[in-house]
Amino acid sequence: MIENTTKEFEIAITSSIDSIFNDDIESQILSPLSCLREYGTHWLLEFDLPLVNKEDIKITFDEDSISVEAKLKETYSEEKLGKKTKFEYFKKSIILPDKIDNNTSAKFENGRLKIIIPKKISNHKIKIE
Amino acid sequence: MKVSKKISPENVLLVGFPSNGLVGTFTISYLINNLGMKQIGEIDHPDLPPTLFVEEGEILHPIRIYKQNNIFVIMSDLPFDPYLAHDFAESILKYCKKNTIQKIIIVSGMETINGDPKAPKIYGLVTHQSLEEILYSNQISKFLTGSIFGADAAIISVFRKSKIPTMILYAECHPFFPNPEASIIAITTLAKILNIKVDTIDIQKKMERLRIQHRNLMEETIRTLQQQENQPTRAPQIYR
């Protein structure tokens, strides 16, 4: 395992000083950024998973939630508030506003996981008077 | 004997703040570091959240001014809500007048339909005709149609009414995830415009870790930008 201590540019982008607060330091788990967008026929759920290889990603789902776990290809370290913390995994669960269709598909490119969830179309008709 | 007067290069101001994909933030902070720029001041505002950053024991104000030769930089580590964006733009204008800035370049990011994340493009928008030539000579496609909001819009609105021409460079990016890859095209374009040498190897090496490191700033930026989206607009519903 290669260890990387992240040292930001000398002029740091400083606002992320509390970025570790959403992460699980004890279990060495990072919480990835994600976004859910609605399109006409599907939902697009994306996770930002840098430092991850496709084969190290596990996606599971139940009725209305999707969970993503991924092992980092290198240990990610941050030194914040005088404490050095190391992370080995990404993990996050998202509850969706719709039930998950079996035709859900996923694609991983440039460290971004895209999950396409087709919308369930009901056949209930509304009569126009 | 001919005596020629030395023409000093015009003063240029670069502006970067957190917005889509954090492109402006990555680009400007990388340039500051790469060019070895020195901090010469800071911009304060009574409505800014009372925030200071500490880096290697040094206290940093969130909005800082840097300079090297004829290049000035204003960089913010805080995203601006709609109320602060206009005041920020006015502060920049005041600063430009005081320091005889002749041109402003803002770096930001935008999402495009069918954009290739592996080869992001850059688009430019100018407030004055005099900068059109820079777009053309640097093969920067013109931003033709779309909407702009937030601090970008505030600065453009203020400067298009002033005599200081402003250019906005928009690199294609993912709007909700930190996108240092997109900032590389912004860095190389800026280097061409300013006729300076900037090596992007360092940022290329750190890209994946930068994406992890700046998750929180990205979230904070989205929250701030969404504040504006949730504001009631004055346009009648029918026109939305």
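Observations on the model:
- The single condition from (1) surrounded by 13 or more Cβ atoms within 10 Å (Cβ to Cβ); (2) touching a residue at least 40 places away in the same chain (Cβ under 8 Å); (3) of a type outside the set (Val, Ile, Thr) that B:GLU10 fails is (1).
- Residues of segment B:171-184 classified as in contact with a Lys or Arg (Cβ under 9 Å, 6 or more places away or on another chain) and part of a helix (DSSP H, G or I), total: 2
- Tallying residues that are in contact with a Gly (Cβ under 8 Å, 6 or more places away or on another chain) and either touching a residue at least 40 places away in the same chain (Cβ under 8 Å) or basic (Lys, Arg) (or both) within segment B:53-73 yields 2.
- Among residues of segment B:211-222 that are assigned to a helix (DSSP H, G or I), those with a Cβ under 6 angstrom from a residue that is of a type in the set (Ser, Thr, Tyr) and surrounded by fewer than 22 Cβ atoms within 10 Å (Cβ to Cβ), sequence gap 6+ or separate chain, pair up as B:GLN213/A:THR6; B:ARG215/A:SER19; B:ASN216/A:SER19.
- Flag for B:PHE143 being surrounded by fewer than 19 Cβ atoms within 10 Å (Cβ to Cβ) and closer than 22 Å to B:GLY115 by Cα: yes
- Only residues that are in contact with a Leu (Cβ under 7 Å, 6 or more places away or on another chain), surrounded by 14 or more Cβ atoms within 10 Å (Cβ to Cβ) and under 30 Å from A:PRO118 (Cβ atoms) were counted across segment A:60-84, and they come to 3.
- Counted residues, segment B:99-146 - those being in contact (Cβ under 8 Å) with a residue 60 or more places away in the chain, under 11 Å from B:GLU172 (Cβ atoms) and of a type in the set (Val, Ile, Thr): 2
- Contacts under 7 angstrom Cβ, first residue in segment A:85-106 being loosely packed, with under 13 Cβ neighbours inside 10 Å, partner part of a loop (DSSP other than H, G, I, E, B) and modelled with pLDDT under 95, 6 or more apart: A:ILE95/A:ASP64; A:LYS99/A:GLU63; A:LYS99/A:ASP64; A:LYS99/A:LYS120
- Some residue of segment B:36-44 being surrounded by 15 or more Cβ atoms within 10 Å (Cβ to Cβ) and either touching a Phe, Trp or Tyr at 6+ places or on another chain (Cβ under 7 Å) or within 8 Å of chain A (Cβ to nearest Cβ) (or both): yes
- Cross-chain or 6+ apart pairs with Cβ under 7 Å, segment B:151-168 first and under 15 Å from B:PHE17 (Cβ atoms), then of a type in the set (Asp, Glu): B:VAL158/B:GLU90; B:ILE168/B:ASP152
- The sole residue among B:LYS97, B:LYS163 that is in a helix (DSSP H, G or I), modelled with pLDDT of 90 or more, of a type in the set (D, E, K, R) and out of contact with any strand residue (DSSP E or B) (no Cβ under 7 Å at 6 or more places or on another chain) is B:LYS97.
- Residue identified as more than 14 Å from chain A (Cβ to nearest Cβ) and assigned to a strand (DSSP E or B) among B:SER108, B:SER130: B:SER108
- Residues that are more than 14 Å from chain B (Cβ to nearest Cβ) and either among the hydroxyl-bearing types (Ser, Thr, Tyr) or buried (at least 16 other Cβ atoms within 10 Å of the Cβ) (or both), drawn from segment A:26-55: A:SER27, A:THR41, A:HIS42, A:TRP43
- As a summary of the residue check, B:HIS174 satisfies the conditions (1) closer than 16 Å to B:THR27 by Cβ; (2) within 15 Å of the chain's Cα centre (by Cα); (3) modelled with pLDDT under 95 except for the one numbered (2).
- Residue selected from segment B:185-210 under the condition in a helix (DSSP H, G or I), in contact (Cβ under 8 Å) with a residue 60 or more places away in the chain and more than 13 Å from chain A (Cβ to nearest Cβ), by the criterion surrounded by the fewest Cβ atoms within 10 Å (Cβ to Cβ): B:LEU194
- The set of residues from segment B:45-66 being more than 18 Å from the chain's Cα centre (by Cα) and within 13 Å of another protein chain (Cβ to nearest Cβ) comprises B:LEU48, B:PRO49, B:THR51, B:LEU52, B:PHE53, B:VAL54, B:GLU55, B:GLU56, B:GLY57, B:GLU58, B:ILE59, B:LEU60.
The values are calculated or read from the model by the stated rules, or taken from the named source; none is laboratory data. The structure presented is a predicted model; accordingly, all values stated were derived computationally and were not measured. Every residue, glycine among them, receives a Cβ derived from its backbone with ideal geometry; neighbour counts consider all protein chains shown.
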